[in-house]
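First the structure, in the form of structure tokens, and then the observations on it.
The values are calculated or read from the model by the stated rules, or taken from the named source; none is laboratory data. Everything numeric in this text was worked out from a predicted model, so none of it was measured. Because the Cβ atoms are built from the backbone with ideal geometry, glycine has one as well, and the counts that use them run over all protein chains shown.
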Amino acid sequence: MRLNSAAAVAARKGPRRATHLRRYENLTAFAFLALNFIGYLLFKLIPILLALILSFTKWNFVSGISGVKLIGLENYARLFSDPVFITSFINTIVYAIALVPVSIFLALVLGVVLNEYVFGKGLLRLAFYLPYISSMVAVSIVWMVLFIPAYGPINTFLTNIGISHPPRWLNGSNSSLISIIIVGVWQSLGYNIIIVLAGLQGIDRSLYESAEIDGANVIRKFFSITIPSLSNTMFFLVMISFIRSFQVFTSVQVMTQGGPGNSSSVLVYYIYITAFEQSDIGYASAMSWVLFLLVFIFAIVRNATRSNQN
């Protein structure tokens, strides 16, 4: 009888011990996640919600909290009649549409070349990646020197090869945004190349060997094997590159300050000017939410496209 009672007690303790262990593991997991969650709550979620609330107000932060005035949708209605916002919005779209395809195409071509046909790959990867990890302020200053119209290295070279009237680059209203795009492509190229190279390492070499046996040339292998095999990598790069390009700021701030006129102004720069120079926090918050919706809509459309392809 005693043995049977002991066995029954042990049997009852088994599930209890398992339940206690699961509870302890759950608490441990929540404890590890708590810091990240608190950081997300304090520095992301709450500021986002505050920006949404402030977008319905007129507030100069110099006046303090007492100066907050609820005005409803006036800030959003104002956007459609603000020529600087419209120009900045269009410039942001043009910047993204121009930068992303060019930078990804160049990264794809250079990645294949580095992966297959070049010695000293490690050193070249570092050389291409350095601009991405360099200070964007320093990079912008270097490019400002290169873009000097009168005696900059770029225009000196163009003049020497017979171009009598080279672009004015940062000083021209028609070329300032193009200059910013060139810098963006150059700066993002290294990151894109590293991602492409990582994708190329995962392609089965037997596919290329089979294609060579069938008589496929380099171009045929590139379009029939490399590009389809990198579809997931390309999807990732397109998403990241578009989101990053919508947030361009430093190069515009350092190189052109949105000029000449507003020819190179972009959304993030105009939000910065409105919030911290004009002290119109409500209107800047409304523009911030337009930028958020732009990124959100792009992500939804791109994911839907990706789902249909699968």
Inset, instruction - Considering only region 227-261, state which residues are in contact with a Phe, Trp or Tyr (Cβ under 9 Å, 6 or more places away or on another chain) and at positive phi. - result: Gln257, Gly258
Legend entry - Exclusive hit being surrounded by fewer than 18 Cβ atoms within 10 Å (Cβ to Cβ) and assigned to a helix (DSSP H, G or I), set Val252, Val238: Val238
Inset, instruction - Could you please tell me which pairs satisfy a Cβ distance under 6 Å, a separation of 6+ or placement on different chains, a first residue in region 279-301 that is in contact (Cβ under 8 Å) with a residue 60 or more places away in the chain, and a second residue that is outside any helix (DSSP H, G or I)? - result: Ser279/Asn60; Ile281/Trp59; Gly282/Thr57; Gly282/Lys58; Gly282/Trp59; Ser285/Ser55; Ala286/Ser55; Trp289/Ser55
Inset, instruction - Please work out if Val266 is within 30 Å of Arg168 (Cβ to Cβ), under 14 Å from the mean Cα position of the chain (by Cα) and crowded, with 16+ Cβ neighbours inside 10 Å. - result: no
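Answer yes or no as to whether Tyr76 is surrounded by fewer than 17 Cβ atoms within 10 Å (Cβ to Cβ), within 20 Å of Ile273 (Cβ to Cβ) and at pLDDT 90 or above. Please lay out each step first, then the result.
Details: surrounded by fewer than 17 Cβ atoms within 10 Å (Cβ to Cβ): yes; within 20 Å of Ile273 (Cβ to Cβ): yes; at pLDDT 90 or above: yes.
Spelling it out, Tyr76 is indeed surrounded by fewer than 17 Cβ atoms within 10 Å (Cβ to Cβ), within 20 Å of Ile273 (Cβ to Cβ) and at pLDDT 90 or above.
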Legend entry - Meets criteria (in the same structural domain as Leu126 (by TED's automatic domain parsing), among the hydroxyl-bearing types (Ser, Thr, Tyr) and under 26 Å from Val113 (Cα atoms)) for Tyr191: yes
Legend entry - Residue in region 213-232 that is of a type in the set (Val, Ile, Thr) and more than 19 Å from Gly111 (Cα to Cα) present: yes
Legend entry - Among the residues listed as Ala198, Ala299, Ala275, Ala304, the single one being surrounded by 15 or more Cβ atoms within 10 Å (Cβ to Cβ) and either among the small types (Gly, Ala, Ser) or closer than 24 Å to Gly111 by Cα (or both): Ala275
Inset, instruction - Quick one: Gly190 ticks every box in (1) part of a helix (DSSP H, G or I); (2) touching a Gly at 6+ places or on another chain (Cβ under 9 Å); (3) not hydrophobic (A, V, I, L, M, F, W, C) except a single one, so which number is it? - result: (2)
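Looking only at residues in region 118-158 that are aliphatic (A, V, I, L, M) and outside any helix (DSSP H, G or I), which one is modelled with the lowest pLDDT? Walk me through how you get there before you give the answer.
Within region 118-158, the subset aliphatic (A, V, I, L, M) is 118, 123-124, 126-127, 130, 133, 136-139, 141-142, 144-146, 148, 150, 154, 158.
Keeping just the survivors that are outside any helix (DSSP H, G or I) gives 118, 148, 150.
On the way: Val118: 72, Ile148: 91, Ala150: 84.
Among residues in region 118-158 that are aliphatic (A, V, I, L, M) and outside any helix (DSSP H, G or I), the one modelled with the lowest pLDDT is Val118.
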Inset, instruction - Would you check which residues across region 67-83 are among the small types (Gly, Ala, Ser), part of a helix (DSSP H, G or I) and either over 18 Å from Leu50 (Cβ atoms) or under 28 Å from the mean Cα position of the chain (by Cα) (or both) and list them? - result: Ala77
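Condition first: assigned to a loop (DSSP other than H, G, I, E, B) and closer than 30 Å to Thr274 by Cβ. Can you find one or more residues in region 107-117 that meet it?
Just the residues of region 107-117 that are assigned to a loop (DSSP other than H, G, I, E, B), to begin with: 117.
Still in the running and closer than 30 Å to Thr274 by Cβ: none.
Looking for residues that are assigned to a loop (DSSP other than H, G, I, E, B) and closer than 30 Å to Thr274 by Cβ, one finds none in region 107-117, hence no.
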Inset, instruction - Residues being over 15 Å from Met287 (Cβ atoms), surrounded by 11 or more Cβ atoms within 10 Å (Cβ to Cβ) and not β-branched (Val, Ile, Thr): count how many of those fall in region 51-72. - result: 6
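Taking region 159-177 only, how many residues are assigned to a loop (DSSP other than H, G, I, E, B), of a type in the set (S, T, N, Q) and over 25 Å from Ser245 (Cα atoms)?
Just the residues of region 159-177 that are assigned to a loop (DSSP other than H, G, I, E, B), to begin with: 161-168, 172-175.
Remaining after also requiring of a type in the set (S, T, N, Q): 164, 173-175.
Filter once more, keeping what is over 25 Å from Ser245 (Cα atoms): 164.
Of the residues in region 159-177, 1 are assigned to a loop (DSSP other than H, G, I, E, B), of a type in the set (S, T, N, Q) and over 25 Å from Ser245 (Cα atoms).
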